[in-house]
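Taken together, the values in this text are just the output of simple stated rules run on the coordinates, not laboratory data. What you see is a predicted model; the values in this text were computed from it and never measured. All Cβ positions, glycine included, derive from the backbone under ideal geometry; neighbour counts span all protein chains shown.
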Amino acid sequence: MAKKILRASQAEIEAAVQALRDGDVVAFPTETVYGLGANANHVSAVRKVYELKQRPLTHPLIVHIDHRRFLHRWAHEVPEVAEKLAERFWPGPLTIVLPRAANVPDIITGGQDTVAIRVPSHPMAQQLLTAFGGGIAAPSANRFGRLSATRAEHVREEFGDAVRVVLDGGESQVGLESTIVSCLDGKVRLLRPGAVTLEMLRSVAGEVELAGADEHVPRVPGSLASHYAPQTPLQLVLADELEATAEQLTSDQRRIAVLAQRPPLRTYPSVTWINAGSRVDAYAHDLYVNLRTLDKTGCAHILVQRVPDTPAWDAVRDRLQRAATTYDIEVVEEDG
Ligand code: TXA
Ligand code: MG
C-alpha cells in the first residue's frame, strides 16, 4: 500500500523552520518531487544547496511560496497572463518564470534577470512555507544530473545526514518535476513539460510557444541532456523490439533490466522486467522509483519501452529522452 502522509507534526515543522532560520538545508515533500530547500533570502544557506547537490552556481533555483499573493515580493512585474495562470494552477505543479524583483539574490537566479516561482500543493509543503513565512529556494532533492527523489528515503539515500531535517510526506503524487513556463516580453513559453500540459496552459493563456532545444532560452538545468539519469546506461526501444533487444544484450550472460508497458512475451532468467502499465498518471508517479529500482539491480543495461507519441505523454517522454541521451549525446554546456 502506498504510504500517505499529508501533514507533519508541530514539532517536525518547528524543527524544519528553525533549520531554515539557522541557514541550514531541509528536504521537504511536494506533489511533484522532493525539494532541497533553503531560506531564499539567505545567500550562504542557498550556497549550501548548490554544494550539496554539486550543482554549478549558474543554474538557477525555483523560489517556493505558499500563496500567489506573495508573487510581487519576488517578481518585479507580473503580467496579467501570469496572474491568470497562477490563479488557475496554483497551488500545483506549475513554475512561472518572471522578471525578478530587485531584492532577489543573484545566487538564486544565476545572475539572470528572471526568477522562477512556484506554489506547491502538497499539504506538508504548504505547512512548512506558511510556518516559515518566507520564500524557500529549492531544487529537486537529488545530486546534479541524477534521478529526482519522490520519497523521503530516497533523499536520505542521496544525502545521508548532510541534510539537517527531512520531512517525510510519503510518495510524491505527480512524480515528475513541475511544468515550467516563462511569461516574458509579452510571450508565454513552455520551458519544461509536466503535469500541467500544453493544452491546459493554452486553455488559460491562449498562445503558448514551445522552447526549442537549441534556442537561446533562459538557462534551465533540467534542459541539459544529462539530466534525470540513472547510473546504468539506458536505451529507448520500440515495444515490438523489446524481446529481441533483450535477447541480444543478454547473450553474453549480462543481466539487463526492462521498463515496459506490458508483460514480457517470454521469461528470461537474466532479465528484470517491470510492467509500468499504460496509464500515464500511474506511469509518471512510479517512473523515478522504477528507474531507481532497476538501477540497483546491478544490470549492464536498462531498456525502456518507448512511450506513446501523444501529448499526454510529453512530460514522461521528455524525462526518458534526457535519461537515455546521457551516454550517446555529447552535452553542449560551457560549465558542465
Ligand atoms: O517540481 C519541481 O519543479 C521541483 C520541486 C522541488 O518544486 N523542483 C525542481 O527544481 O525540479 P530543479 O532545480 O531540479 O529544476 C529547476 C528548474 C530548472 O530546470 C530551471 O529550468 C528552472 O527551474 N529555472 C529556475 N530559474 C529559472 C529562470 N530564471 N529561468 C528559467 N528557468 C529557471
Ligand atoms: Mg532537478
| note | Per-residue ellipticity at 222 nm attributable to helices in the chain (runs of n ≥ 4 DSSP H, -39500 (n - 2.57) apiece, nearest 500 deg cm²/dmol) works out to -9000 deg cm²/dmol
| Counting DSSP beta bridges with both ends in the chain, the antiparallel % (nearest 5) | 45 percent
| remark: GNM on the chain, Cα springs under 10 Å; top mean-square fluctuation among 107, 65, 136 goes to 107
| request: Could you pull out every residue, at least 5 positions away or on a different chain, whose amide H is within less than 5 Å of the one on residue 35? Hs are placed 1.01 Å off N in the peptide plane, and Pro or chain starts have none. | output: 28, 30, 141
| Two-site FRET efficiency, residue 77 against residue 157, from Cβ-Cβ distance with R₀ of 45 Å, rounded to 0.05 | 0.65
| query | Do you know the relative contact order of the chain, to the nearest whole percent, from alpha carbon pairs under 8 angstrom that are 6+ apart? | reply | 19 percent
| Nearest 0.05, what FRET efficiency do residue 43 and residue 11 give at R0 = 35 Å with Cβ-Cβ as r? | 0.75
| Sorting 48, 187, 4 on the 10 Å Cβ count, fewest up front, what's the list? | 4, 187, 48
| note | Residues meeting the amide H criterion for residue 229 (H placed from the backbone, H to H distance under 5 Å, 5 or more places apart or on another chain) are 146, 147
| task | For residue 236, enumerate residues with amide H under 5 Å from its amide H, sequence gap 5+ or separate chain, H modeled in the peptide plane. | result | 304
| note | Once the in-chain neighbours fewer than 8 apart are removed, the lysines whose Cα is under 17 Å from residue 84 read 187
| field | Compactness relative to 2.2 N^0.38 Å, alpha carbon Rg of the stretch 234-323 | value | 1.02
| task | State whether the stretch 241-286 is rounded, prolate or oblate according to the following rule on the C-alpha gyration tensor (a ≥ b ≥ c being the square roots of its eigenvalues): a/c under 1.5 gives rounded; otherwise a/b larger than b/c gives prolate, and the remaining case gives oblate. | result | prolate
| said: Cβ neighbours within 10 Å, averaged per peptide: list 77-84, 171-178 in order, most packed at the top. | reply: 171-178, 77-84
| message | Once you order the gyration tensor axes a ≥ b ≥ c over the Cα atoms, which shape class does the chain get: rounded for a/c under 1.5, otherwise prolate or oblate by comparing a/b with b/c? | response | prolate
| said: How charged is the neighbourhood of residue 186? Take every other residue with its Cβ under 12 Å from the Cβ of residue 186, and add Lys/Arg as +1 and Asp/Glu as -1. | reply: -3
| request: Output ³J(HN,Hα) for the stretch 20-37: one whole-Hz value per residue in order, computed from phi by the Karplus curve 6.51 cos²θ - 1.76 cosθ + 1.60 with θ = phi - 60°, and x for Gly and Pro. | output: 4, 5, 6, x, 9, 9, 10, 9, 9, x, 10, 5, 8, 9, 6, x, 10, x
| said: Please list, in order along the stretch 278-289, the HN-Hα scalar couplings obtained from phi with the Karplus expression 6.51 cos²θ - 1.76 cosθ + 1.60 (θ = phi - 60°), rounded to whole Hz, x for Gly and Pro. | reply: 10, 8, 4, 5, 5, 4, 5, 4, 9, 4, 6, 5
| task | Would you mind telling me which residue in 120, 308, 60 has the biggest mean-square fluctuation in a Gaussian network model of the chain, where springs connect alpha carbons within a distance under 10 angstrom? | result | 308
